[in-house]
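Engineer: If you scroll down you'll find the structure; I have some questions about it.
The values are calculated or read from the model by the stated rules, or taken from the named source; none is laboratory data. For clarity, every value in this text was computed on a predicted model and none was experimentally measured. Using ideal geometry, Cβ is built from the backbone for each residue, glycine included, and neighbour counts are taken over all protein chains shown.
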Amino acid sequence: MSLVVFPFKEEDLAVVGSNLANAAGHSRIEEVWAVSAGDGDTMEAVERIASEVSGAPVRVFPQERMGRFRPGKGDGLNTALRLAAEVGFDRVHIYDADITNFGPDWIDGAEETADRGYYIVRHRFPRAATDAMITWMVTRPALAISFPGTILPRLGQPLGGEMLLTGEAVRRLAADPRVVERSDWGIDTMLTYATVAMGLPFWEHHIADGKRHALYGSLDEIRVMVVECLDAVRSLRGLPAPTTTLRSDPPAPIPEDLKRTVAYDLERTTALLTTGWTAAEAELAATLPMADLVMRNRERPFYEFLDAETWGVMLGDLLDRFVLGDPVWESLAFRLWLMRVLAYTTDQARLGYDAAIAYLESTIRYYEAGADHHGSR
Ligand code: DGY
């Protein structure tokens with residue numbers, strides 16, 4: 001008996017409708033839940049769409065307040081995990097509601113892998129070379145520094161919300177205080193750590209077509225996600241290093257259109273470097289490694305110095321000192337991340353998809369190898 005869960009907030013209703021219909025129409029699915037981050041117009045519209053879907057019943061309901069961080073996606077997933085554990089579903093699929101190429105093949109791939117005895121199946125998928133910039137610049141490097149030699153830094157999409165969990169994994173997650181408290185964007189990081197740390201058979205299922213979703217204008221759109229994901233990965237430091245083995249589908253050719261996709265607006269994003277500096281932020285920036293270079297951004301955009309090596313030092317400092325909820329730290333950490341993303345975008349990303357992704361993968365190996373210099377973060 002399998003359940004599909006879609007957490008949602010403000011979404012393109014046509015996309016949500018198609019995703020609900022695909023899930024409800026699948027022969028392995030008993031029930032579909034759409035868990036809303038609000039109880040306003042979007043939820044009513046999704047309820048209307050859900051009532052017209054044929055196949056398995058679709059329930060639409062608001063998320064509960066479960067955690068102690070900003071009420072966000074984490075509350076939605078934790079609401080679903082708790083209820084699913086109570087009902088006792090054998091398998092629970094979780095998918096972001098905004099995937100524009102979601103279809104039965106996602107469910108088939110996960111179910112068939114679970115049939116082979118895997119308790120946790122995470123979907124991995126190619127993304128544009130300038131997409132996934134939190135994954136590449138924060139989450140995977142920080143996991144490499146904190147958990148070198150484990151599967152954590154090697155997972156394709158540690159922030160990906162697409163997976164299948166067996167009932168055993170769902171029960172354990174619903175009872176894990178570190179997962180339940182993480183009500184914000186940090187939930188994906190906590191689920192990644194917790195599912196790997198369980199030590200249950202684990203598989204990465206490859207979606208060759210990639211995960212298609214709406215991309216960004218200015219990267220300001222994902223500012224909150226940047227700082228919450230930074231805090232989440234920071235909170236994992238000192239936890240036991242998992243020993244789970246990574247098993248995954250072999251790589252597949254990358255779709256040509258994905259290779260050409262530009263994920264964000266360079267000009268509008270570059271403008272963010274110089275705006276909104278306060279005296280308090282300048283004072284804090286003065287305590288950073290390479291402070292004089294960072295502070296040049298008060299006058300004009302300046303980011304070329306933030307290569308992988310320099311970023312390793314900067315990220316190490318952020319992992320030591322960043323404070324979520326402190327507006328000065330949040331502004332500075334976001335600005336530093338922008339500098340690193342722009343340094344990469346205007347250098348290696350220009351070399352084309354294959355070279356860019358090979359470079360990004362090499363940075364993760366570099367951070368893993370350098371973990372000894374960074375200390376035991
Ligand atoms: C990531 O970095 O993976 C986030 O989804 C933002 O693109």
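Engineer: What number goes with the only condition from (1) within 16 Å of the ligand (Cβ to nearest atom); (2) over 19 Å from Leu191 (Cβ atoms) that Ile94 does not pass?
Structural biologist: Failing condition for Ile94: (2).
Engineer: Search the range 187-212 for residues that are closer than 18 Å to Thr150 by Cβ and pair each with any residue that is hydroxyl-bearing (Ser, Thr, Tyr) and in a strand (DSSP E or B) when their beta-carbon atoms are under 6 Å apart and the residues are at least 6 apart or on different chains.
Structural biologist: Glu204/Ser248
Engineer: Looking only at the range 190-201, decide whether some residue is buried (at least 20 other Cβ atoms within 10 Å of the Cβ), over 17 Å from the mean Cα position of the chain (by Cα) and away from the ligand (no atom under 16 Å from the Cβ).
Structural biologist: Within the range 190-201, one or more residues are buried (at least 20 other Cβ atoms within 10 Å of the Cβ), over 17 Å from the mean Cα position of the chain (by Cα) and away from the ligand (no atom under 16 Å from the Cβ).
Engineer: Among the residues of the range 110-137, count how many are within 16 Å of the ligand (Cβ to nearest atom) and not β-branched (Val, Ile, Thr).
Structural biologist: 13
Engineer: Quick one: Tyr216 ticks every box in (1) among the aromatic types (Phe, Trp, Tyr); (2) part of a loop (DSSP other than H, G, I, E, B); (3) not assigned by TED's automatic domain parsing to the domain that holds Tyr193 except a single one, so which number is it?
Structural biologist: (3)
Engineer: Give the residues of the range 319-351 that are in a loop (DSSP other than H, G, I, E, B) and polar (S, T, N, Q), sorted by residue number.
Structural biologist: Of everything in the range 319-351, just one residue is in a loop (DSSP other than H, G, I, E, B) and polar (S, T, N, Q), namely Thr346.
Engineer: Restricting to the range 272-294, name every residue that is within 20 Å of Thr346 (Cβ to Cβ) and free of Cβ contacts under 8 Å to residues at least 40 places away in the same chain. First the steps, then the outcome.
Structural biologist: Looking only at the range 272-294, we keep the residues that are within 20 Å of Thr346 (Cβ to Cβ), and these are 272-275, 290, 293-294.
Passing the criteria: Thr274, Thr275, Met290, Leu293.
Engineer: Here's a follow-up. Restricting the search to the range 282-318, which residues are among the aliphatic types (A, V, I, L, M) and in a helix (DSSP H, G or I)?
Structural biologist: Correct list: Ala282, Leu284, Ala285, Ala291, Leu293, Val294, Met295, Ala308, Val313, Met314, Leu315, Leu318.
Engineer: If you check Glu168 against the conditions, is it of a type in the set (Asp, Glu), under 21 Å from Pro242 (Cα atoms) and in contact with an Asp or Glu (Cβ under 9 Å, 6 or more places away or on another chain)?
Structural biologist: For Glu168, the condition - of a type in the set (Asp, Glu), under 21 Å from Pro242 (Cα atoms) and in contact with an Asp or Glu (Cβ under 9 Å, 6 or more places away or on another chain) - is not met.
Engineer: Which residue, of Arg247, Arg223, is of a type in the set (Lys, Arg) and within 16 Å of the ligand (Cβ to nearest atom)?
Structural biologist: Arg223
Engineer: Separate question: Grab the strands (runs of 3 or more DSSP E) fully contained in the range 54-154, keeping just those with 1 or more residues being of a type in the set (Phe, Trp, Tyr) and either closer than 23 Å to Ala37 by Cβ or touching a residue at least 24 places away in the same chain (Cβ under 8 Å) (or both).
Structural biologist: Here the list reads 58-62.
Engineer: Inspect the range 166-185 for any residue being within 11 Å of the ligand (Cβ to nearest atom) and charged (D, E, K, R) and give the result as yes or no.
Structural biologist: No, the range 166-185 contains no residue that is within 11 Å of the ligand (Cβ to nearest atom) and charged (D, E, K, R).
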